[in-house]
Amino acid sequence: MTRPAGWLRRFFGASGQTEVAPALAAHRRAQQGRDTRACLGELDFVAVDTELTGFDPRRHALVSIGAVRLRGLDICPGETFYTLVRPEGEVPRDSSLIHRLTASGLAAAPAESEALARFLQFLGPAVMVGHHVHLDMGFLHAASRRHLGGDLAAPCIDTLRLAMVFEEKRLVASGGCGDAQSLDYGLPALCRRYGLPVFPAHDARSDALAAAYLFVYLARKCARGRPLTLSGLWRAGRMWWG
């Protein structure tokens, strides 16, 4: 079937490029011009967590997004973000048992496009932080492609990877012969190990706050009392960088 030229322009624009929604365009502008040589104390970070209907971004969906802002390595507890997300498909019972969010409870929640646009406005120019963050980013990117016309632009620091490198280096420094890979790298387990606050698991807002505490702890350990830049932290932790 031949489609009118207007249909093509609506989805791809006059230049043949995918049309980007205003929320994504604003996000990309906010992310421009970051100096990776800046010290961590001069930067904003946003710790993020999501709850999901499953683990495959192609078949499953977001059901909540939680985030907390950090200025430098100081958590801003009064600057948090939380939204439920109304998925287009079903919410499997096994996922509801984990995060306690059901289809009926999400019926009045914002649609995925609205929830994502609100999150991007909160994010602003900040660098994103999360635990096992490539899972969250897979869903955020997929939602952004569906509704906003492309991927997000914010770089992401994975506290899971940073913790693994920290434990490996600590093991070598202590002359130990154990296996750092065998440790429990779940977010609650790491917070308990390092004496950090422990919050209820599988709640996007609480998990984002726990990831923020973990990030501050590990970043300070990597700095070892010296100024540390964003690029230096990335190199120190072999981070996943979006």
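Sorted largest first, the spans of the alpha carbon positions of the stretch 19-149 along the three principal axes are 46, 34, 24 Å. Glu42 to Gln121: FRET efficiency via 1/(1 + (r/R0)^6), r the Cβ-Cβ distance, R0 22 Å, to the nearest 0.05? Result of the calculation: an efficiency of 0.50.
The modelled label-to-label distance for the pair Arg192/Ala103, using points 7 Å beyond Cα in the direction of Cβ, is 3.6 nm.
Could you please rank Leu97, Leu230, placing first whichever residue has the fewest other Cβ atoms within 10 Å of its Cβ?
Leu97, Leu230
Electrostatic bookkeeping for Leu62 treats Lys and Arg as +1 and Asp and Glu as -1; over the other residues with beta carbon under 12 Å from its beta carbon, the sum is -4. Distance in nm between label sites at Glu19 and Ala111, each 7 Å beyond Cα in the beta-carbon direction? Roughly 1.5 nm, to one decimal. Annotation: the stretch 105-209 has a Kirkwood hydrodynamic radius of 16.1 angstrom, from the mean reciprocal C-alpha pair distance. For Ala111, the residues 5 or more places off, or on other chains, whose built amide H falls under 5 Å of its own are Arg86.
Compute the length gained on full extension between Arg71 and Arg220: take 0.36 nm times their separation in residues and subtract their Cα-Cα distance, giving the result in nm to one decimal.
52.2 nm
With the simple spin-label model, which puts each label point 7 Å out from Cα in the Cβ direction, the Phe199 to Ser96 separation comes to 2.5 nm. Based on the Kirkwood approach, the hydrodynamic radius assigned to the stretch 177-220 is 11.0 Å, with every pair of different Cα atoms included. DSSP finds beta bridges in the stretch 34-237, and of those with both partners inside it, around 70 percent are antiparallel. One Cα centroid belongs to the stretch 164-223, the other to the stretch 29-59; the line between them spans 19 Å. Cβ-Cβ distance of Arg146 and Arg170, R₀ of 35 Å, FRET efficiency by 1/(1 + (r/R0)^6): the value works out to about 0.25. A P(r) calculated from all alpha carbon pairs of the chain, with 5 Å bins opening at zero, reads 1, 6, 13, 17, 18, 15, 12, 8, 5, 3, 1, 1, 0, 0 percent.
Percentage of Cα-Cα pair distances in the stretch 93-147 greater than 14 Å, rounded to whole percent? It works out to 68 percent of all Cα pairs.
Every number here is computed from the coordinates shown, using simple stated rules; none is lab data. A quick note: this is a predicted structure, and the numbers were derived from the prediction, not measured. Here Cβ is always computed from backbone atoms with ideal geometry, including for glycine, and neighbour counts include all displayed protein chains.
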